Amino acid sequence: MSEIRELARRIAGEASGNEQIEVVVASGSDTNVTAYQGSVEKFTSATSAGFSIRVLLDGPSGARIGTASTGALDDEAVAEALAQARDNARFATEDEFLAFARPDGVAAPEIDLVSPHFDALSTADKIEMALELERATRAGDGRIRQVQAATYVDYRSASVIVSSLGIDVETAETGAYLSVAAIAHENGENQSGYGLSVGRAGSELSVETAARDAIRRSTEMLGAVKAPSTRTTAVFDSRTASELLSIISSALSGDMVVRGRSFFAGRVGEKVAADAFTLVDDPTDIRHFAASPVDGEGLASRRNALITDGTLTGFVYDTVSARRAGTASTGNALRGGVTGCRALQLLPGTDDFDAIIRQVGEGIVVRSLRGVHSGVNPISGDFSVGITGRMIRDGQLAEPVREVTIASSLQKMLLDVVAIGNDIEWLPGLAAGQTIAISDITVTGS
Amino acid sequence: MATDLLLEPDVIDAVLAVAVANGADFAEIFVEDTRSTTTTMDQRRVEDLMSNRSRGAGVRVIVGSTTGYAHTADLSLAGLLAAAEAARSVAQRQSGGATVVAVGAAQVHAMRAEIEPSSVDRARRIEVLRAADDIARSHGGAISQVQLSIADNSRRILVANSLGLLSTDHQVRSRLNVSCVASGDTGMQTGRATLAATAGFELFAPERVAETANNAARQAITKMSARPAPSGDFPIVLANGFGGVLFHEACGHGLEADAIVKKTSIYADRVGELVASELVTLVDDGTCDGEWGAIAIDDEGAPASRNVLIENGVLTDYMWDYVRATQEGRASSGNGRRQTYQDLPMVRMTNTFLETRDATPDQIIADTPYGVYVAALGGGQVDTSTGDFVFGMTEAYLIENGEITAPLREANLVGNGPDVLARVDAVANDFAMAPGTCGKWGQQVPVGSGQPTMRLTGMTVGGTAA
């Protein structure tokens, strides 16, 4: 048994009387190398740990919860955090729906997120990979004038969740990625683009993939003009489609639904999207970089259908939001008392990106989204974001465009999906990506 | 009193000596002890009370153009020496490099906070939330939900380096957020307002709490009758305050020396050139007392200062941190900031604002036959290599025949930095600042943005109406 698990059990064991205690301990180490102009610009090697204690007090009209967290694991820090969590709980409002998770008998999926090859690379190998990434990006196209940062990152993390109600789990994972931000230059104009390669260990990463991606994304934007203002079909590539799914997911959180902050509230069983649209949240799928055997409360991860053939089938819940909704947790507690989707994927369609461009004929490809945090309101569904991308003419990619906005509403966009690609890309973050084409989008440019 | 320091001077000297032992040019230790609390209320229930303490140190070693960094939560001598050894692993030389200058007497700083948050009972924070909740709900039945949070952050830092610097700061910040949802036949709309300052609990004076709650409720209700924003290029009048985020995005990030030194900014090599309308004088000033981005020293120990970036349209200077300033043989401008001890510092803004001119806000609106009046902005985002940026209008109205008329639904504005700076054609005399959070390469820091009411001759509004 690990040291942190022992510590967590000891703290949870201090629960007495009408009190429950839940302890989450996370620890990890990471290496970060950034290359710039042929030498190492930054090298960071760090280990960190932190724990969060929640104390629940049962009372006549319900329970109260207080939280405290700290980055140190010494006895003094632990005692201070526990005292603060207890104090915090006393000032909360009693609420009949508040509760910690109880073991629900669902077995956690056996997924191993630790690469056996994680330690295969030496520090010198990691540095060389970052340097090679910068070289390959510069050398791959004469128009690349600058590489802002070529970075190698890997990390190993472990977490433990223990509660006085019998939750007692430990998970571990490893991960690594390469990222490179390139600036292409031609005729006095700069354009930027970044490339990525992701894996569970450094040895799985591809310098070529990351470099090629950054080169294509920066050079294809050279000569960009404002798009003509129009109403047309927008084709989101795998990266921007992943961002779009992440935005929509907020409205599928059971917590947002029970609080009346979702435009999906009360609409289960209704048609909310095009027939081809089937969305699941599946953190048990090991191909997804957000996969994990348990949720933030220590309950087993499970596959949850959200939208099936365009019909809204359900929401995701943690223990408290499920109690408010009169249902059971779906294993969707995130850290920090938040409920949400964890590992989204869309059922693939039949065509790849190029085939979808041909079918669409006339439209616009969305390569990057800007202003998502300010231009999308997941409560009202209003959607207006800045984009860069390419025009589609005669079924072919045409001129690059910038300083363009696209606007619609999330509700309407889901119904206006006209094609979904078969080109699923397992991106880091909440949602896997694949090509999605959406019609009747307002494009504002010149 | 020595116990006021987060680390004893002899420990600091020992750590710095180990950090430079492989022949480094510079070594630094940054120590942080931050306590923060957040209390949230939703539908009148006090839901979450959270306390956090983050305490640790980061050791930075620079050798040539390479930086090594390691951080630890273990502030014992052994823990700090281990971090120093990890950070210096980038230095391969066995001799030469810097000689450590023993740290001198500490320069102790503190931002003004009359009531230190840790002295405030939890019940008093809850009273503030209840007062704001009552005021928001007094706007009537259309307000279906009120969600609030009150937060404070008391951050003590110590910076010492091999040049002999030893400096500390104590930065106290307090914040109240009020979010309202208005519901009706047209769906749900949201209103949001924030009261935030580099200050203690004294910030939450009843009249300021009331103003914040009133603004959030009024915004949500107003938007219930909003029509879709237009789509196209229109004159824009920006209300005073957070409109300053326009300058933060349109050119602020492009004036940060990391983008300048790497020549990835469109503003590189352009000092002395006319880059904006002559009405534009842009300043970044970490010393603005009480503002959200105020600091006494930056996270490299440099004193905050007032830096004029653009004067009457002419680019005068960039913002600098230690690394970039040293590369260019000049002094830091006090803009080296980091989110926590776990992060390397980089060039960041503090309080960035446009200076006032003579017009009045009423004149500017009256002189605008047709356009969009932006009363509140959400965040924005910029690509510094092209200057292309967006920012979101969270409260906006049409201007018709020189008068503010119909409210508009949320939409983004898009523009290009240099282009928009040239389009400033009126600036008023009603200066105001607003708080914000700026994200860059994954690090969030508090910043202030400010400007008087001003007009742009045209900008692209990304609405859906024809």
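The values are calculated or read from the model by the stated rules, or taken from the named source; none is laboratory data. As the structure is a computational prediction, the values presented were derived from the model and not from experiment. Positions of Cβ are backbone-derived with ideal geometry, glycine not excepted, and every protein chain shown enters the neighbour counts.
Observations, loosely collected:
- Qualifying residue in the stretch A:260-272 (condition: free of Cβ contacts under 8 Å to residues at least 40 places away in the same chain and of a type in the set (Lys, Arg)): no
- Filter pass, A:VAL33 being over 23 Å from A:ASP295 (Cβ atoms), of a type in the set (A, V, I, L, M, F, W, C) and touching a strand residue (DSSP E or B) at 6+ places or on another chain (Cβ under 9 Å): yes
- Condition broken by B:GLY79, with the remaining ones in (1) free of Cβ contacts under 8 Å to residues at least 40 places away in the same chain; (2) facing chain A (nearest Cβ under 10 Å); (3) surrounded by fewer than 18 Cβ atoms within 10 Å (Cβ to Cβ) satisfied: (2)
- All of A:ARG402, A:ARG390 fail the test of being under 20 Å from B:ASN416 (Cα atoms), touching a residue at least 60 places away in the same chain (Cβ under 8 Å) and facing chain B (nearest Cβ under 7 Å), apart from A:ARG402.
- Of B:ALA113, B:ALA160, B:ALA131, all but one fail to be in a loop (DSSP other than H, G, I, E, B) and either of a type in the set (Val, Ile, Thr) or in contact (Cβ under 8 Å) with a residue 12 or more places away in the chain (or both); the exception is B:ALA113.
- Applying a threshold of 9 Å to beta carbon distances and a minimum spacing of six or more residues, or different chains, the list of pairs starting in the stretch B:180-206 at a residue that is closer than 19 Å to B:ASP133 by Cα and within 14 Å of chain A (Cβ to nearest Cβ) and ending at one that is among the acidic types (Asp, Glu) and surrounded by 22 or more Cβ atoms within 10 Å (Cβ to Cβ) reads B:GLN189/A:ASP382; B:GLN189/B:GLU410; B:THR190/B:GLU410; B:GLY191/B:GLU395.
- Selection over the stretch A:363-403 of residues that are surrounded by fewer than 20 Cβ atoms within 10 Å (Cβ to Cβ), out of contact with any helix residue (DSSP H, G or I) (no Cβ under 8 Å at 6 or more places or on another chain) and small (Gly, Ala, Ser) gives a count of 1.
Here's the yes/no breakdown for (1) within 19 Å of B:HIS253 (Cβ to Cβ); (2) assigned to a loop (DSSP other than H, G, I, E, B):
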{"site": "B:ASP289", "(1), (2)": "no, yes"}
{"site": "B:ASP299", "(1), (2)": "yes, yes"}
{"site": "B:VAL308", "(1), (2)": "yes, no"}
{"site": "B:ASP317", "(1), (2)": "yes, yes"}
{"site": "B:GLY329", "(1), (2)": "no, yes"}
{"site": "B:GLY334", "(1), (2)": "yes, yes"}
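- Candidates are the residues of the stretch B:368-384 that are within 21 Å of the chain's Cα centre (by Cα) and in a loop (DSSP other than H, G, I, E, B); the one that is surrounded by the fewest Cβ atoms within 10 Å (Cβ to Cβ) is B:ASP383.
- Single match in A:PHE383, A:PHE353 (criterion: of a type in the set (Phe, Trp, Tyr) and at pLDDT below 95): A:PHE383
- Some residue of the stretch B:245-256 being part of a loop (DSSP other than H, G, I, E, B) and either in contact (Cβ under 8 Å) with a residue 24 or more places away in the chain or more than 14 Å from chain A (Cβ to nearest Cβ) (or both): no
- Looking across B:ALA366, B:ALA325, B:ALA302, one residue alone is of a type in the set (A, V, I, L, M, F, W, C) and more than 27 Å from B:GLN444 (Cα to Cα). It is B:ALA366.
- Note on the stretch A:32-64: residues that are assigned to a strand (DSSP E or B) and over 30 Å from A:ARG90 (Cα atoms) total 15.
- Counting residues in the stretch A:97-106 that are modelled with pLDDT of 95 or more, β-branched (Val, Ile, Thr) and assigned to a loop (DSSP other than H, G, I, E, B) gives one or more.
- If the condition is being touching a residue at least 40 places away in the same chain (Cβ under 8 Å) and not in a strand (DSSP E or B), then the stretch B:402-435 contributes B:ARG409, B:GLU410, B:GLY417, B:PRO418, B:VAL420, B:LEU421, B:ALA422, B:ARG423, B:ASN429, B:ASP430, B:PHE431.
- Of the residues contained in the stretch A:187-205, none is found to be over 21 Å from the mean Cα position of the chain (by Cα), of a type outside the set (Val, Ile, Thr), away from chain B (no Cβ under 11 Å) and surrounded by 21 or more Cβ atoms within 10 Å (Cβ to Cβ).
- Candidates are the residues of the stretch A:158-183 that are within 14 Å of chain B (Cβ to nearest Cβ) and among the hydroxyl-bearing types (Ser, Thr, Tyr); the one that is surrounded by the fewest Cβ atoms within 10 Å (Cβ to Cβ) is A:TYR177.
- Residue check, B:THR67 surrounded by fewer than 20 Cβ atoms within 10 Å (Cβ to Cβ) and either assigned to a loop (DSSP other than H, G, I, E, B) or within 10 Å of another protein chain (Cβ to nearest Cβ) (or both): no
- Residue selected from the stretch A:334-362 under the condition aliphatic (A, V, I, L, M) and within 23 Å of A:ILE307 (Cα to Cα), by the criterion surrounded by the most Cβ atoms within 10 Å (Cβ to Cβ): A:ILE356
- Members of the stretch A:62-76 that are hydrophobic (A, V, I, L, M, F, W, C), within 7 Å of chain B (Cβ to nearest Cβ) and over 16 Å from A:ILE21 (Cα atoms): A:ALA72
- With respect to (1) more than 26 Å from B:ASP152 (Cα to Cα); (2) facing chain A (nearest Cβ under 9 Å); (3) without any contact (Cβ under 8 Å) to a residue 60 or more places away in the chain; (4) in a strand (DSSP E or B), the lone exception for B:VAL59 is condition (2).
- Selection of the stretch A:116-131 for residues being of a type in the set (A, V, I, L, M) and either out of contact with any helix residue (DSSP H, G or I) (no Cβ under 8 Å at 6 or more places or on another chain) or surrounded by 19 or more Cβ atoms within 10 Å (Cβ to Cβ) (or both) yields A:LEU121, A:ALA124, A:ILE127, A:MET129, A:ALA130, A:LEU131.
- Qualifying residue in the stretch A:425-432 (condition: crowded, with 21+ Cβ neighbours inside 10 Å and either at the interface with another protein chain (Cβ under 9 Å from one of its Cβ atoms) or not in a loop (DSSP other than H, G, I, E, B) (or both)): yes
- Candidate set from the stretch A:223-259 (those that are in a helix (DSSP H, G or I) and among the charged types (D, E, K, R)); member that is farthest from the chain's Cα centre (by Cα): A:ASP255
- B:ALA17 being more than 10 Å from chain A (Cβ to nearest Cβ) and either among the hydrophobic types (A, V, I, L, M, F, W, C) or buried (at least 22 other Cβ atoms within 10 Å of the Cβ) (or both): yes
- Some residue of the stretch B:274-286 being in a strand (DSSP E or B) and over 21 Å from the mean Cα position of the chain (by Cα): yes
- A:ALA89 of a type in the set (Gly, Ala, Ser), more than 30 Å from B:LYS263 (Cβ to Cβ) and within 13 Å of chain B (Cβ to nearest Cβ): yes
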